Amino acid sequence: MLFGLVNAGVPLHGLEEGMWAIPSAALGRPVGIVVAAGVAIAAGLHVPLRVGWRELVVIGCRASGY
């Protein structure tokens, strides 16, 4: 159990700098979708009926695979 708690056998010093691309993309995609929708609404476009900010966040999270 201690082995699994320490590092599960994965040397953390062996990870590359590019490993942060996947988590940042996973967090950036929902944020990007909501920001793009906000820009579109500010530009005068309309969202479908019964779609608010809460639904846009759910759509963004679902599009990113959460």
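Bear in mind that the values in this text are calculations on the coordinates, not laboratory data. These figures come from a predicted structure and were not determined experimentally. Positions of Cβ are generated from backbone atoms using ideal geometry, with glycine treated the same way; all protein chains shown enter the neighbour counts.
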Neighbour-count ranking for SER64, SER24 (other C-beta within 10 angstrom, fewest to most) reads SER24, SER64
Rounded to 0.05, the calculated FRET efficiency for the beta carbons of ARG29 and GLU55 at R₀ = 22 Å is 0.85
